[in-house]
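Read-outs throughout are calculated quantities, based only on the coordinates presented, and are distinct from any laboratory measurement. Since this is a predicted model, take the numbers as computed values, not measurements. Cβ coordinates were reconstructed from backbone atoms using ideal geometry, including for glycine residues, and neighbour counts include every protein chain displayed.
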Amino acid sequence: MARMLRSVLRNALSKPATRPFPEAPRAEFEKARGLITFDCTDCRFCGACALKCPTGAIRVVREERRIYFEPFKCIVCGACLEACRFGSVRMGPERRKPVYEKPVEVYAKPETEAEPKPPDPGA
Ligand code: SF4
Ligand code: SF4
C-alpha cells in the first residue's frame, strides 16, 4: 500500500511525460534534414541541382532566370545542396506543414540596382 501511495505521489508531483501539443510544439533537431529553399542571389541557373535531384522536384529555366520547385516531390535527400557550388540551395531543420494542395514554388533572382534594365521602347 505504501509503495502504491509513493508511486501515486511521485507521478502526481513529477513533470508530465508528454507535451501539450499543439500549444508546445517540439523544437526541431539542430541538424535535421528539413525544408529545402532557394536563394537565387548568387544562382547561375546552371541546372546542376535539377540534374542531381532524383525525384524531379526542381526545374531550372535559365531563360526566365527562375527555379520551379515542387516541395512535395522532395524526399529531402540533400543532393541538390551538394550539387550547388554557389550556396543557393538552403536546407533548414523545420518540416513542411500539411496542406490541401501541392503548390509549385517559384524562385527568381532578386532585382538589384546594379543589374542593367532593358531599354524602354516608348522612351
Ligand atoms: S541553385 Fe545552384 S545548382 Fe541550382 S541552378 Fe542555381 S546555381 Fe545551379
Ligand atoms: S533534397 Fe533531394 S529530392 Fe529534394 S529537391 Fe533536393 S535533390 Fe531533389
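Looking at region 5-39, which of its residues are assigned to a helix (DSSP H, G or I) and of a type outside the set (A, V, I, L, M)? Spell out the reasoning first.
Initially, region 5-39 is screened for residues assigned to a helix (DSSP H, G or I), giving 5-13.
Across region 5-39, the qualifying residues are ARG6, SER7, ARG10, ASN11.
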Could you list, in sequence order, the residues of region 40-69 that are in contact (Cβ under 8 Å) with a residue 24 or more places away in the chain, more than 8 Å from ligand 1 (Cβ to nearest atom), part of a loop (DSSP other than H, G, I, E, B) and surrounded by 15 or more Cβ atoms within 10 Å (Cβ to Cβ)? CYS53
Can you give me the number of residues within region 20-51 that are more than 14 Å from the chain's Cα centre (by Cα) and either within 15 Å of ligand 2 (Cβ to nearest atom) or closer than 17 Å to ARG65 by Cβ (or both)? 12
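Which one is nearest to ligand 1 (Cβ to nearest atom), of the residues in region 70-89 that are part of a helix (DSSP H, G or I) and not aliphatic (A, V, I, L, M)? Full working, then the answer.
Filtering region 70-89 down to residues part of a helix (DSSP H, G or I) leaves 71-73, 79-83.
Pick out the ones that are also not aliphatic (A, V, I, L, M) and you get 71-73, 80, 82.
Numbers: PRO71: 15, PHE72: 19, LYS73: 16, CYS80: 7, GLU82: 10 Å.
Out of the qualifying residues, it is CYS80.
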Working only within region 78-89, note down all residues that are in contact with a helix residue (DSSP H, G or I) (Cβ under 9 Å, 6 or more places away or on another chain) and farther than 17 Å from TYR107 by Cα. ALA79, GLU82, ALA83, ARG85
